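What follows is calculated from the coordinates using simple rules that are stated; it is not laboratory data. All values derive from a computational prediction rather than experimental measurement. Heads up, the Cβs are rebuilt from the backbone with ideal geometry, glycines too, and the neighbour counts pull from every protein chain shown.
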Amino acid sequence: MNFVIITQVPHMHQHNSYYAYAPYVKEMNIWFKYLEKITVVAPMCKDTISPIWEDYQHNNLQFIPVAAFDVTSFKNTLKTIIQLPRIAYSVYKAMAKADHIHLRCPGNMGLIGAVVQIAFPKKKKTAKYAGNWEPNSKQPWSYRLQKWIVSNTFLTRNMQVLVYGEWPNQTKNIKSFFTATYSKEEVISKSQGIRSVKDETIRFLFVGTLSKGKQPLYAIQIVEQLSNKGKKVVLELYGEGVLRSELEKYITKQQLQDQIQLKGNQNKEVLKEAYQNSHFLVLASKSEGWPKAVAEAMFWGCVPIATPVSCVPQMLDNGKRGVMLTEAIIEDVEKVAQLLEDEQAYKRTSSAAQSWSQQFTTEAFEQAIAQVLLS
């Protein structure tokens with residue numbers, strides 16, 4: 001089987017291997033266990049290998065590079081118009097040779113793939129929609145267009161669309177899905193994973209890109225306000241991004257150096273230890289699909305504090321497995337403070353979070369992928 005992937009994820013070629021964003025590659029390597037030949041159509045980039053990059057594990061992989069593009073400015077839009085026919089033709093040629101077409105959505109390449117796949121109604125297809133599938137959410141027009149095309153069973157034939165969360169009134173090709181980071185062997189007993197909020201220091205985490213969409217400053221401000229209330233708290237932020245210098249300036253200005261640390265990009269093992277040693281994860285994200293950091297934190301009994309976007313309310317059982325943010329700082333800080341004052345409530349929340357997340361192991365994920373490929 002020739003499994004053709006159309007993705008926007010930037011790739012690098014080093015050491016005779018193709019590298020990309022580690023969580024995406026880890027997932028695709030699980031898919032690859034069942035596949036004979038892989039063809040990847042994606043942009044190439046020039047970067048340096050870091051802990052957030054990982055290489056594909058497959059002996060029969062072909063890579064078809066295409067130009068990266070966007071429409072964020074007039075100049076880039078003109079450039080895109082020139083590049084688009086060549087990119088679409090590369091996608092078409094790859095799909096023509098495919099036994100199974102796999103789209104990674106949403107994204108620019110996902111949109112092209114969603115349009116081009118219409119020309120191949122008899123080929124087997126899947127689309128992994130990693131963004132917010134909530135029907136009433138505000139999203140860019142290109143995201144809405146991708147969702148409409150892949151869920152339209154007249155235009156899109158023979159495709160399973162894998163989405164995060166359970167949503168009403170969906171077409172028959174929409175399948176609720178999940179993702180996983182940890183194995184069954186890593187599942188620990190509830191008592192081992194539950195920490196006490198009577199500890200001398202309460203530890204908070206942020207894991208994600210330092211960008212406006214993830215709102216890392218809000219995580220800092222929650223911990224800052226708790227500190228002002230007399231709580232002994234610390235926050236570690238894992239990730240890099242354009243807001244790093246702005247956050248550093250804020251930390252210095254507010255004299256928070258003893259409580260807030262920017263840890264940068266780290267590998268899976270470092271993050272795992274951070275989850276295990278922390279009481280809370282804060283993610284005030286504006287948009288998500290399946291927020292990986294939230295599920296990972298919950299796996300280790302680290303209570304998530306998150307905005308109710310996408311399927312987050314379902315993950316947190318509307319507040320029974322975590323704290324739902326309102327983005328009103330006084331109200332949100334008070335919610336967390338109340339949980340710090342109630343040891344039993346914290347432990348119930350932590351235990352419920354862990355029990356839910358530990359259903360989603362890599363073994364369960366692999367079985368779900370096998371069912372998709374074989375169905």
Apply 1/(1 + (r/R0)^6) to the Cβ-Cβ distance of Y89 and S17, taking R0 = 25 Å, and write down the FRET efficiency to the nearest 0.05.
0.40
15 Å beta-carbon shell around Q371, net charge (K/R +1, D/E -1):
+2
May I ask which residue of A328, W356, H279 lies farthest towards the positive end of the charge dipole of the range 184-357, with charges of +1 (Lys, Arg) and -1 (Asp, Glu) on Cβ and the Cα centre as origin?
W356
How much of the DSSP beta bridge set in the range 220-375 is antiparallel, as a percent to the nearest 5?
10 percent
Under 9 Å, Cβ to Cβ, from A98 - net charge with Lys/Arg +1 and Asp/Glu -1:
+3
For the chain, list the DSSP H helices whose alpha carbon atoms reach 30 Å or more along the long axis and whose average Kyte-Doolittle value is 0.5 or above?
none
Tell me the relative contact order for the chain as a rounded percent, counting alpha carbon contacts under 8 Å between residues six or more apart.
14 percent
Taking amide H atoms as placed 1.01 Å from N in the peptide plane, list the residues 5 or more away in sequence, or in a different chain, whose amide H sits under 5 Å from that of A127.
L103, Q160, V161, L162
Would you list, by chain and number, the lysines whose Cα falls below 16 Å from the Cα of K347, excluding same-chain residues fewer than 8 positions away?
K190, K198, K320, K335
The farthest towards the positive end of the charge dipole of the chain, of the residues N132, L316, T48, given +1 on Cβ of Lys and Arg and -1 on Cβ of Asp and Glu, is N132
Neighbourhood charge, 10 Å Cβ-Cβ cut-off, centred on R195 and excluding it, Lys, Arg +1 and Asp, Glu -1
+2
Label points 7 Å out from Cα along the Cβ direction at Q62 and I329: separation in nm?
5.5 nm
Summing -39500 (n - 2.57) over every DSSP H run of at least 4 in the chain, dividing by its residue total and rounding to the nearest 500, the 222 nm mean residue ellipticity is -11500 deg cm²/dmol
Give the cross-link partners of K214 among the aspartates and glutamates, using a straight C-alpha distance below 12 Å as the criterion and excluding same-chain residues fewer than 8 apart.
E240, E288
Quick one: if you stick a label point 7 Å off each Cα along the C-beta vector at S375 and K46, how many nm between them?
4.5 nm
Can you give the charge dipole size of the range 184-357 about its Cα centre, rounded to the nearest 20 debye, using +1 on the beta carbon of Lys and Arg and -1 on the beta carbon of Asp and Glu?
140 debye
Determine, from the Cβ-Cβ distance of I81 and F120 and an R0 of 30 Å, the FRET efficiency 1/(1 + (r/R0)^6), rounded to the nearest 0.05.
0.75
Counting all Cα-Cα pairs in the chain, those more than 33 Å apart amount in percent to 33 percent
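If you take every DSSP beta bridge whose two residues both sit in the chain, what share of them, in percent to the nearest 5, is antiparallel? Please report the intermediate quantities before stating the final value.
Working: 7 of 55 bridges.
The answer is about 15 percent antiparallel.
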Mind giving me the FRET efficiency for E186 and A96? R0 is 45 Å, r the Cβ-Cβ distance, nearest 0.05 is fine.
0.60
Projecting the Cα atoms of A219, G208, P291 onto the charge dipole of the range 184-357, where Lys and Arg contribute +1 and Asp and Glu -1 at Cβ, the residue farthest towards the positive end is P291
Sequence neighbours fewer than 8 away in the same chain don't count; with that in mind, list the aspartates and glutamates whose C-alpha is under 17 Å from K253.
E224
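Taking other Cβ within 10 Å of each residue's Cβ, how do C311, C302 sort, fewest first?
C311, C302
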Provide F365, F280 in ascending order of the number of other Cβ atoms located within 10 Å of each residue's Cβ, fewest first.
F365, F280
So which of K97/K122; K212/K232; K79/K292 end up more than 22 Å apart by C-alpha?
K212/K232; K79/K292
